[in-house]
Amino acid sequence: MGFLDFLVWMLWIYLVVVCIWIFIWIFIDIFRDHSLNGWAKALWVIFLVILPFLGAIIYLIARGGSMAKRQAAIAQAQAASQADYIRSVAGSASSPAGEISQAQALLDAGTITQAEFDSLKAKALA
């Protein structure tokens with residue numbers, strides 16, 4: 001087996017992996033799409049199983065734009081969810097007065113000592 005044969009095999013392996021990835025992505029999109037009813041999903045799956053390459057090409061032509069829109073909507077929802085989580089974890093004490101009031105609440109609860117409270121107050125005021 002020469003170097004050219006090796007390159008041809010690598011090309012075929014690459015094409016097989018790409019085809020499998022495209023089919024997986026199309027199946028994920030079919031079942032993620034809420035605008036398709038069950039019968040339409042079943043017909044697309046049957047079409048992709050019987051005529052895989054033709055079915056994939058037709059699906060990408062017919063529904064490729066909506067695939068991108070659904071993926072963008074999912075990405076926006078995930079970004080919004082992550083931003084909400086970060087805001088909730090970050091806390092609300094962004095001003096010195098808020099930090100001092102949180103430290104006072106910890107002191108009143110007995111979580112920290114007076115020396116720790118004074119240290120936190122000095123940091124907040126600095």
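Using Cα springs under 10 Å in a Gaussian network model of the chain, which residue among SER101, SER88, SER35 shows the largest mean-square fluctuation?
Of SER101, SER88, SER35, the Gaussian network model singles out SER101 as fluctuating most.
Most fluctuating residue of GLN71, GLN102, GLN82 in a GNM of the chain with Cα springs under 10 Å: which is it?
Per the Cα network of the chain with a 10 Å cutoff, GLN102 tops the list.
What number, rounded to the nearest 500 deg cm²/dmol, is the helix-based mean residue ellipticity at 222 nm of the chain, given -39500 (n - 2.57) per DSSP H run of at least four residues and division by all its residues? Mind dumping the intermediate values first?
Working: 5 runs with 108 residues, N = 126.
Calculated mean residue ellipticity at 222 nm is -30000 deg cm²/dmol.
For the chain, what relative contact order do you get, as a whole percent, if you take Cα pairs closer than 8 Å and at least 6 residues apart?
Values: 36 pairs, mean separation 17.6, N = 126.
In percent, rounded to a whole number, it is 14.
Between LEU60 and ASP5, what FRET efficiency follows from the Cβ-Cβ distance if R0 is 41 Å, with the result rounded to 0.05? All intermediate terms of the calculation are to be shown ahead of the outcome.
Working: r = 32 Å, r/R0 = 0.77.
Between LEU60 and ASP5 the formula returns 0.80.
Straight-line reach from LYS69: which aspartates and glutamates have a Cα under 14 Å away, not including same-chain ones fewer than 8 places off?
Straight-line reach from LYS69, under 14 Å: ASP29, ASP33.
What is the sum of charges, Lys and Arg at +1 and Asp and Glu at -1, for the other residues whose Cβ falls under 14 Å from the Cβ of ALA68? Intermediate results must be reported in sequence, preceding the final value.
Numbers: positive: ARG32, ARG63, LYS69, ARG70; negative: ASP29, ASP33.
So the surrounding residues net to +2.
Which label belongs to the value computed from this structure, given these candidates for Kirkwood radius over Cα pairs in Å: (1) 15.0; (2) 20.2; (3) 16.0?
The value computed from this structure is option (2).
In straight Cα distance, which aspartates and glutamates are under 14 Å from LYS123, not counting same-chain residues fewer than 8 positions off?
Excluding near neighbours in sequence, the set is GLU99.
What nm distance separates the two modelled labels at ILE46 and GLN114, each placed 7 Å from Cα along Cα→Cβ?
8.2 nm
Provide the gained length on full extension for the span SER101 to ALA73, in nm with one decimal, where the gain is 0.36 nm per separating residue minus the Cα-Cα distance.
Numbers: separation 28, 0.36 × 28 = 10.08 nm, distance 3.98 nm.
Gain on extension, SER101 to ALA73, equals 6.1 nm.
Taking only Cα atoms and a 10 Å spring cutoff, compute GNM fluctuations for the chain and point out the largest among ALA105, ALA77, ALA40.
Maximum among the listed residues: ALA105.
Here, each number is a calculation from the coordinates, and none is a lab measurement. For clarity, every value in this text was computed on a predicted model and none was experimentally measured. FYI the Cβ positions are ideal-geometry reconstructions off the backbone, even for glycines, and counts take in every protein chain you see.
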